[in-house]
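Structure record follows, encoded as structure tokens.
The values are calculated or read from the model by the stated rules, or taken from the named source; none is laboratory data. All values reported here derive from a predicted model rather than from experimental measurement. Heads up, the Cβs are rebuilt from the backbone with ideal geometry, glycines too, and the neighbour counts pull from every protein chain shown.
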Amino acid sequence: MLPSRLTRAAVLPALLLGAVLAAAPPASEANEPKDLKFATFDESKREYEAAVAPFVKKHCAACHNKDTSEGDLDLVSLDADMKASTSGARWAMVVEKLASGEMPPKGKPRPASAELVAVGRWAHAEAKRAGKNFARRQAYANGNAVSHATLFEAHPVPAFDGGNSIRRLSPEIYAAFTNDLAKGKTGIGQPFSPEGKFAFKDMGAPKIDEPVAAQLIQNALAIVEVQTAHKIEDGKVKAVGQGPKELLALFDPAAPPTDAQMEAAIAFQFNAILRRAPTASEKQRFVALMKKNVADAGRTVGARYALAAVLLLPEAVFRMEVGSGKPDAQGRVRLAPRDIAFALAYTLTDKRPDAELLAAAATGALDTDAGVRQQAARLLESAKTDKPRVLRFFREYFGYGAATDVFKEMKENPEHDSRALVEDTDRLVLWVLERDNDVLRELLTTNKSFVAYKTAADTKKKRADALAKFEADKAKDPAKFANKQPPKVGRSVYLAYGLKDFPDAQPVDLPAAERAGVLTQPSWLVAHSTSFDNHAIHRGKWVRERLLGGVVPDIPITVDAQLPDAPHHTLRERMAVTQQEYCWKCHRLMNDVGYPFEQFDHYGRFRALEQVQDVEATKKNVDKKGKPLGPVTRDVPANAKGLIAHTNDPALDGPVNGAADLMKRLAGSARVEQVFVRHAFRYFTGRNESPGDAATLRAVHRAYRDSGGSFNALVAELLSSESFLYRIPTK
Ligand code: HEC
Ligand code: HEC
């Protein structure tokens, strides 16, 4: 039981929450205009009417009004009150398009720079009044909202604007961390669940609400219980398990702990958890806390609470990437070497930094970008270092892992094995990464595939053995086996790949006209299907967002997103409902790039024909009494014609026929490569890119190109970039 004076309202949450709040980035903007401030919306509104409304009318309204809302944006009625509405993100986009010179479009008169400055000043000041973290990355909940041109084409390159970031540990890192400290202990729960609204699971700011705090506290106490497990025998304290002597000394029944013993225990705990010694003031604070707790709650509980408090320091629970020291000439501060060591480790592995990284931090080897790049490259290239986060990036980026979440009726296809399909694509990704050459193009176009590679050899052998036994039994007693089939062993996963048997060597070459890369792997096709059908819209959305970098507005709640139930029509015919004008402004972005995958069925099997219900034949399919016997199908050619359009890249736009055609076209595009770089950026930095990351993104893309498409080179450049290593301090 917790003594009353140490309940949740007291010491521990205060330590935890107080420190977190103190470290959280304030909502102000480093490069905001200093001279324009609005106390009220009325003040803001006056400025809006004086400067912004006339500007919109003159330069934008022709295309962005109620009737003609290009880019789904009506600027004439966009709410000027960013507090009362969600218009902040849209205004942020407006400012960005003005800054990059993309809007008004080429060929239209350029606004005067005084006009542009006035609009920018108003928007920043109104955002500030409304408490919006404007023009910073929070404005871009959808990463693709920052225009591609701003990031890769605008000149001059937008200035770096990276603010402090504090992130919670990923669930995997937290689990590995607690497991290191208290292996096998039950009662340690996962406090961190993914947020869901971002492209990648580990993105988003830490949220420490009551349930998370309660779980963290419960875990800390459970861990400390393991660390300090002991018994008293013959008046002496003895460890139960592997209790370190520094901690055991606290519980010696012969004498209360001395200050020196408490200091040693605190120092031990800091090293065990944070991999560093406590500072003098931390030592003082924690010893004082321990003394007070012991006085309040007795030796065992009091000492444990103080040790648990170390586990609740923000530094133990979060990634504190906040920069230290004096700003450089560009106004940036660099992360402390220790924080860099942790950031590198957490970015690539699920573990805390290894000894070499910590040594590099301690000896100044992480003080230069080149030094950081060297350590990043070491981790990336070392076969010894387990880097689960690299494969996880590809799983999350492509989304093929979700194949195991799509329910399929086993009766309809007993050979379907979603887990094997996912494992195959995992293996294919790793195979491509091992070569580390032209990685994206390979992933988008290779016709190589693994086929139930974990179990193929074993299943094949078991099948041969079972068949041999069957034949032998049959030879002994032909009458008994005359009408029997050999027993079935395992699932014929190879059918999903269009093969006749498990291959002997892996990877195998599948027909290049049929299969091209991860998007034609059965795992991806299943992950982007429904239980009973293909999901061309969903597939197209994936291509639009993750390869073309487009933004598809959310499906409006007023739309009843149901295709007509018409089994005598193909999926494509049923999708015709989305071609109404209102629907098409969104669906033109998805449908056309999703159609080429109609070459596959919803198990990922290649098909030249698809089946639809034959209405006439079904009508005639009745028994003698006229009772219907069920649907009859007929074959129609599968239509895999699609269209790449609305990409802002004339070299890409045009008709395509089939998935391989689509993938080859996309894989050859520099823009697609850049969009891939943007996604890698999001995953490995844990945040969406903002205009100020333009220099980093360009450098990373260059490093990828110059290395002949090495993913290691891409990541090493990213991890030694300005965006990763520097912050602009908030004043
Ligand atoms: C000649 C027509 C035209 C004019 C004038 C024009 N735009 Fe646009 N705008 C477009 C089109 C077309 C799109 C959608 C395609 C694109 O993103 O390039 C668009 C897209 C946008 C977007 C992106 C919307 C989104 O959701 O991605 C913003 C922001 C924008 N315009 C702002 C402006 C501003 C501010 C002005 C005035 C300075 C302006 N536009 C003037 C045609 C125009
Ligand atoms: C503002 C954009 C937008 C508009 C307008 C829109 N949709 Fe959609 N719709 C979407 C998005 C986004 C999805 C994709 C959801 C996903 O990820 O699978 C979608 C999906 C669908 C689906 C597939 C649903 C499913 O999950 O199987 C149907 C059917 C559909 N829309 C019909 C319509 C129809 C009919 C209209 C016009 C009356 C319409 N939509 C208008 C954005 C839009």
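Residue 365 meets the conditions (1) under 24 Å from the mean Cα position of the chain (by Cα); (2) surrounded by 18 or more Cβ atoms within 10 Å (Cβ to Cβ) in every case but one. The failed one is (1).
Among the residues of the range 559-601, how many are aromatic (Phe, Trp, Tyr) and either more than 22 Å from residue 412 (Cα to Cα) or modelled with pLDDT under 95 (or both)? Lay out the reasoning, then the answer.
Within the range 559-601, the subset aromatic (Phe, Trp, Tyr) is 582, 584, 595, 597, 600.
Going one step further and asking which of them are either more than 22 Å from residue 412 (Cα to Cα) or modelled with pLDDT under 95 (or both), we end up with 582, 584, 595.
Here the count works out to 3.
Only one of 304, 352, 276, 285 is in a loop (DSSP other than H, G, I, E, B), among the basic types (Lys, Arg) and assigned by TED's automatic domain parsing to the domain that holds residue 223. Can you tell me which? Working first, answer last.
Working: 304 fails: in a loop (DSSP other than H, G, I, E, B); 352 fails: assigned by TED's automatic domain parsing to the domain that holds residue 223; 285 fails: in a loop (DSSP other than H, G, I, E, B).
Every option except 276 fails the conditions.
Applying a threshold of 7 Å to beta carbon distances and a minimum spacing of six or more residues, or different chains, the list of pairs starting in the range 379-393 at a residue that is under 15 Å from residue 354 (Cβ atoms) and ending at one that is among the small types (Gly, Ala, Ser) reads 380/716.
Can you find a residue that is modelled with pLDDT of 95 or more and surrounded by fewer than 24 Cβ atoms within 10 Å (Cβ to Cβ) anywhere in the range 712-720?
We begin by selecting, within the range 712-720, every residue modelled with pLDDT of 95 or more; these are 712-720.
When the remaining residues are screened for being surrounded by fewer than 24 Cβ atoms within 10 Å (Cβ to Cβ), the result is 712-713.
Looking through the range 712-720, at least one residue is modelled with pLDDT of 95 or more and surrounded by fewer than 24 Cβ atoms within 10 Å (Cβ to Cβ).
Residue 563 falls short on exactly one of the conditions (1) within 13 Å of ligand 2 (Cβ to nearest atom); (2) more than 26 Å from residue 515 (Cβ to Cβ); (3) not in a loop (DSSP other than H, G, I, E, B), and that condition is (3). Among residues that are closer than 23 Å to residue 323 by Cβ and at pLDDT below 80, residue 165 is included.
Inside the range 93-114, can you point out the residues that are near ligand 1 (Cβ under 9 Å from one of its atoms) and surrounded by 14 or more Cβ atoms within 10 Å (Cβ to Cβ)?
We begin by selecting, within the range 93-114, every residue near ligand 1 (Cβ under 9 Å from one of its atoms); these are 93-98, 102-105, 107-108, 111.
Matches in the range 93-114: 93, 94, 95, 96, 97, 98, 102, 103, 104, 111.
Select, from 543, 526, 518, 551, the only residue that is within 30 Å of residue 583 (Cα to Cα) and either surrounded by fewer than 19 Cβ atoms within 10 Å (Cβ to Cβ) or among the polar types (S, T, N, Q) (or both). If you could, list the steps in order and put the result at the bottom.
Details: 543 fails: either surrounded by fewer than 19 Cβ atoms within 10 Å (Cβ to Cβ) or among the polar types (S, T, N, Q) (or both); 526 fails: either surrounded by fewer than 19 Cβ atoms within 10 Å (Cβ to Cβ) or among the polar types (S, T, N, Q) (or both); 518 fails: either surrounded by fewer than 19 Cβ atoms within 10 Å (Cβ to Cβ) or among the polar types (S, T, N, Q) (or both).
Exactly one residue qualifies, and that residue is 551.
Let's see how each residue does on (1) away from ligand 2 (no atom under 16 Å from the Cβ); (2) of a type in the set (Val, Ile, Thr); (3) not assigned by TED's automatic domain parsing to the domain that holds residue 128:
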residue: 36; (1), (2), (3): yes, no, yes
residue: 46; (1), (2), (3): yes, no, no
residue: 50; (1), (2), (3): yes, no, no
residue: 69; (1), (2), (3): no, no, no
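Could you please let me know if residue 485 is within 16 Å of ligand 2 (Cβ to nearest atom) and either in a strand (DSSP E or B) or farther than 21 Å from residue 447 by Cβ (or both)?
So residue 485 does not fit the description; no.
Within the range 554-566, which residues are of a type outside the set (D, E, K, R) and either within 31 Å of the chain's Cα centre (by Cα) or surrounded by 15 or more Cβ atoms within 10 Å (Cβ to Cβ) (or both)? The answer is 555, 556, 557, 558, 559, 561, 562, 563.
If you scan the range 566-603, which residues turn out to be closer than 30 Å to residue 619 by Cα and assigned to a helix (DSSP H, G or I)?
First, the residues of the range 566-603 that are closer than 30 Å to residue 619 by Cα: 566-578, 598-603.
571, 572, 573, 574, 575, 576, 577, 578, 598, 599 - these are the residues of the range 566-603 that are closer than 30 Å to residue 619 by Cα and assigned to a helix (DSSP H, G or I).
Restricting the first member to the range 703-731 and to residues that are aromatic (Phe, Trp, Tyr), and the second to residues that are assigned to a strand (DSSP E or B), the beta-carbon pairs closer than 9 Å and six or more apart or on different chains are 724/321; 726/333; 726/334. Going by the conditions given, is residue 80 within 33 Å of the chain's Cα centre (by Cα), more than 16 Å from ligand 2 (Cβ to nearest atom), surrounded by fewer than 19 Cβ atoms within 10 Å (Cβ to Cβ) and not acidic (Asp, Glu)? So residue 80 fails the test.
Considering only the range 143-164, state which residues are in contact (Cβ under 8 Å) with a residue 24 or more places away in the chain, of a type outside the set (D, E, K, R) and either over 20 Å from residue 89 (Cα atoms) or in a loop (DSSP other than H, G, I, E, B) (or both). Residues satisfying the conditions are 146, 147, 152, 154, 157, 158, 159, 160, 162, 163, 164. Condition check: away from ligand 1 (no atom under 16 Å from the Cβ), within 23 Å of residue 147 (Cα to Cα) and touching a strand residue (DSSP E or B) at 6+ places or on another chain (Cβ under 7 Å). Does residue 593 satisfy that? Answer is yes for this residue. When 176, 92 are checked against the criterion of being touching a helix residue (DSSP H, G or I) at 6+ places or on another chain (Cβ under 8 Å) and in contact (Cβ under 8 Å) with a residue 40 or more places away in the chain, a single residue qualifies: 92.
Taking first residues from the range 47-71 that are of a type in the set (S, T, N, Q) and partners that are away from ligand 2 (no atom under 16 Å from the Cβ) and modelled with pLDDT of 95 or more, no Cβ contact under 6 Å between residues at least 6 apart in sequence or on separate chains turns up.
Of the helices (runs of 4 or more DSSP H) lying entirely inside the range 622-721, the ones with 2 or more residues being out of contact with any Leu (no Cβ under 8 Å at 6 or more places or on another chain) and over 26 Å from residue 163 (Cα atoms) are found at 659-667, 694-706. Cβ-Cβ contacts under 6 Å between residues 6 or more apart (or on different chains), taken from a first residue in the range 106-120 that is within 16 Å of residue 52 (Cα to Cα) to a second residue that is more than 9 Å from ligand 1 (Cβ to nearest atom) and of a type in the set (Gly, Ala, Ser), are listed as 118/51.
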